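Following: one structure in structure tokens, then a few remarks.
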Amino acid sequence: TVANVIGCAKSSSNVTFTAQASSSTLPVKTLTLKPSSDGRDAYITTAFGSFGTNFGYTPSIEVSNWYKYFRTAERGFLDFDLSSIPANSPIISATLKLWVDTIDTKILGYPPNSLYFKRCIQPWQENTVTWNHQILANDYQASAIPCSTIQSKAYLSVNVANQLKHWSYVPGERFGFMMQFKEENHALSWASIASSDNPTASHHPKLTVKYYYAD
């Protein structure tokens, strides 16, 4: 309705409009990381004569305990470049997909074993990490997969959302994963997992992360 200074007024015809409601959630972004041979992965071993040997460029990541040789343990390391995820981004989901070439466990009267994916709490380099230069990992927020559910010549999917949530809020601690069997002293276990140096590209480790983001 408009009016002039002497009181003359006129009203327009009615117009109906609808206001768009504000969104209650942020948009979702999906990040898929599948490095080629430039990926960061390695393993370390207590095999006799190999305490100081680096295994950063092998086609497989070996994880074992007492399986291959007497009192031998092997631990694997895996890392991805997460710099494209803004700090403090709420993580919706995170799945690590690995190709398991071989998995074997001999119980020998001991409880069933599990493969753990722990969060490293120290930086490491693919071409220098060895058993003599141990990398510490944290049991807190670890993912555990029962060996009985892992199959040879098949992909293994691991829920690593807890680790990614930690790294989102504490970017300075993005040091990757350590793969280790829960029991390293009794149940004989061995897993051979394809690394980023594996000749079959489709078998390379892959990490898929979904998170909320805002401009």
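The values are calculated or read from the model by the stated rules, or taken from the named source; none is laboratory data. All figures in this text were calculated on a predicted structure; none of them were measured in a lab. So basically every Cβ, Gly included, is an ideal-geometry build from the backbone, and we count neighbours across all protein chains shown. The accessibility values were calculated without ligands, DNA or RNA, using every heavy atom of the protein model including side chains. Shrake-Rupley method; radii C 1.70, N 1.55, O 1.52, S 1.80 Å.
Of the conditions (1) buried (at least 16 other Cβ atoms within 10 Å of the Cβ); (2) modelled with pLDDT of 90 or more, P35 satisfies every one except a single condition; which number is it?
(2)
State which residue is nearest to the chain's Cα centre (by Cα) when the search covers only region 34-55 and only residues that are assigned to a loop (DSSP other than H, G, I, E, B) and without any contact (Cβ under 8 Å) to a residue 60 or more places away in the chain.
The selected residue is A47.
Just checking, which of S89, S60, S84, S64 is farther than 15 Å from S195 by Cα and either surrounded by fewer than 17 Cβ atoms within 10 Å (Cβ to Cβ) or at pLDDT 95 or above (or both)? Steps first, answer last, please.
Working: S89 fails: either surrounded by fewer than 17 Cβ atoms within 10 Å (Cβ to Cβ) or at pLDDT 95 or above (or both); S60 fails: farther than 15 Å from S195 by Cα; S64 fails: either surrounded by fewer than 17 Cβ atoms within 10 Å (Cβ to Cβ) or at pLDDT 95 or above (or both).
It is S84.
So, in region 139-181, how many residues would count as being under 21 Å from N88 (Cα atoms), open to solvent by 20 Å² or more (accessible area, probe 1.4 Å) and not β-branched (V, I, T)?
Selection size over region 139-181: 13.
Does at least one position in region 126-137 carry a residue that is over 15 Å from G56 (Cβ atoms), surrounded by 15 or more Cβ atoms within 10 Å (Cβ to Cβ) and touching a strand residue (DSSP E or B) at 6+ places or on another chain (Cβ under 6 Å)? Write out each step before concluding.
Initial filter on region 126-137 (over 15 Å from G56 (Cβ atoms)): 134, 136-137.
After this cut, where a residue has to be surrounded by 15 or more Cβ atoms within 10 Å (Cβ to Cβ) as well, the list is 137.
Checking the rest, the ones that are also touching a strand residue (DSSP E or B) at 6+ places or on another chain (Cβ under 6 Å) come to 137.
Yes: region 126-137 contains one or more residues that are over 15 Å from G56 (Cβ atoms), surrounded by 15 or more Cβ atoms within 10 Å (Cβ to Cβ) and touching a strand residue (DSSP E or B) at 6+ places or on another chain (Cβ under 6 Å).
Taking the conditions exactly as written (touching a residue at least 24 places away in the same chain (Cβ under 8 Å), part of a strand (DSSP E or B) and open to solvent by less than 30 Å² (accessible area, probe 1.4 Å)), does I193 satisfy them or not?
yes
Going through region 138-162 one residue at a time, which ones are in contact with an Asp or Glu (Cβ under 9 Å, 6 or more places away or on another chain) and over 17 Å from Q180 (Cα atoms)?
Of everything in region 138-162, those that are in contact with an Asp or Glu (Cβ under 9 Å, 6 or more places away or on another chain) and over 17 Å from Q180 (Cα atoms) turn out to be S152, K153.
Quick check on region 76-132: of everything there that is aliphatic (A, V, I, L, M) and out of contact with any helix residue (DSSP H, G or I) (no Cβ under 7 Å at 6 or more places or on another chain), which residue is farthest from Y212 (Cα to Cα)?
The extreme case among them is L108.
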